[in-house]
1. Got a number for residues in segment 248-284 being small (Gly, Ala, Ser), open to solvent by less than 50 Å² (accessible area, probe 1.4 Å), assigned to a helix (DSSP H, G or I) and farther than 21 Å from Thr193 by Cα?
2. Take Gly119 and decide whether it is assigned to a loop (DSSP other than H, G, I, E, B) and either in contact with a helix residue (DSSP H, G or I) (Cβ under 8 Å, 6 or more places away or on another chain) or open to solvent by 10 Å² or more (accessible area, probe 1.4 Å) (or both).
3. If you take the residues of segment 203-227 that are open to solvent by less than 50 Å² (accessible area, probe 1.4 Å) and under 19 Å from the mean Cα position of the chain (by Cα), which of them is nearest to Ile177 (Cα to Cα)?
4. Mind listing whichever residues of segment 181-217 are part of a helix (DSSP H, G or I) and touching a residue at least 60 places away in the same chain (Cβ under 8 Å)?
5. Gly93 is checked against (1) surrounded by 16 or more Cβ atoms within 10 Å (Cβ to Cβ); (2) part of a loop (DSSP other than H, G, I, E, B) and fails just one. What number does that condition carry?
6. Given the structure, is Ala346 of a type in the set (A, V, I, L, M, F, W, C), open to solvent by 70 Å² or more (accessible area, probe 1.4 Å) and at pLDDT below 95?
7. Just to be sure I understand the filter: pairs with C-beta atoms under 7 Å, separated by 6 or more residues or on different chains, first member in segment 33-57 and within 21 Å of Arg109 (Cβ to Cβ), second member among the aliphatic types (A, V, I, L, M) and at pLDDT below 60. Which pairs pass?
8. For Gly229, state whether it is of a type in the set (Gly, Ala, Ser), touching a Phe, Trp or Tyr at 6+ places or on another chain (Cβ under 7 Å) and within 30 Å of Asp86 (Cβ to Cβ).
Amino acid sequence: MVKERVTVIDIARAAGVSKSTVSLVLQGSSLVNEATRAKVNAAIRDLGYVYNRGAANLRQSKSKIIGIVVNDLTNSFFAELAVGVDAVVQSAGFVQFLANTGEKIERQREVVASMREHGVSGLIVSPARGTEAADLAPLVESGIPVVLVVRDIPGAEVSSLTSDNHAGAMAAVRHLIERGHQRIAFLGGFPDTAVFEARMRGYRDALIEAGLPVSEALIIGSAPSRAGGVTAVEQAMMLADRPTAALCFNDAVAFGVCDGLRARRLEPGADFAVIGFDDVIEAKTAVPALTTVSVDPQGMGQRAAELLLKQIKAGKAEPEAIVGSVRLVVRQSCGAAVERKREVLA
């Protein structure tokens, strides 16, 4: 009777880990901790698995596949970015694999390992929170071209494409100040990310430039989501000296801020000024239409894809750091008059 061949799935089941984790162990990756490695190796011995390195090398040979790994696919910004990537790679004869990490480092490791197994030619990654240069080192060592988007990682030795977050935040706050606002909040976002830090610096610098105080009470972090925006504006409205306007971390937060204002019978753009960041498609059609700092999500995806394809064609990954320009798109959500607001909020 012929014994059935032991598979990676059998090992994963026996060790109580994912298939991708087993693959990382077989590849000798440093991303797996020693306890997990020992557990997987024990299962390999017990099941009598033999690693066919020749077959593995064949699987890992370069294909016409581009991997896209994003940290939050529930944010429409990343869907638009993926559309931009697809428009470029498809015309070049490539297809894209899209994966969402949900801001989880372990999930990011698994999907990257899985994409490597499928022989991706290159990766476009918006890293999960807490990602370090060491997490990308195996990709660098293997020579797989990588382009980081939205979030950069110091020392990663891979290409990056980010936006001028500092300049965008300054432009937004300057606009609010020009409209007469002095109590301006910064709402939403995780404070432990480089994007938050850059936008926060722009917010602070614009206030300081205008001779206005920077109130820590008006800086309210939250999940960078619609629900996070509701939470942030609720907290802001509980202050004794409430803000009259807000720069939001992104458009998703801004939409949530508008929801939260309406729950208090305040109308965005009439009773309270709101500015977002990103300029997703819904910003134009929102009611009121959202004033926002445009980073052009689809354009960013296109530029990231072009940069990656250039490196794939060259056969080597020469790191480039590109910072894209931004612009303030003024619509109706920032049109509140300060006099009217003071009347409502008093």
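The values are calculated or read from the model by the stated rules, or taken from the named source; none is laboratory data. Being a predicted model, the structure only gives us computed values, none of them experimental. Don't worry about glycine lacking a Cβ; one is built from the backbone with ideal geometry, like all the others, and counts go over all protein chains shown. Calculation scope for accessible area: heavy atoms of the full protein, side chains included, ligands and nucleic acids excluded. Shrake-Rupley method; radii C 1.70, N 1.55, O 1.52, S 1.80 Å.
1. Qualifying residue count for the region: 2.
2. yes
3. Result: Gly221.
4. Arg199
5. Exception for Gly93: condition (1).
6. Here the answer is yes, as Ala346 does meet what is asked.
7. Final answer for the pair search is none.
8. So Gly229 fits the description; yes.
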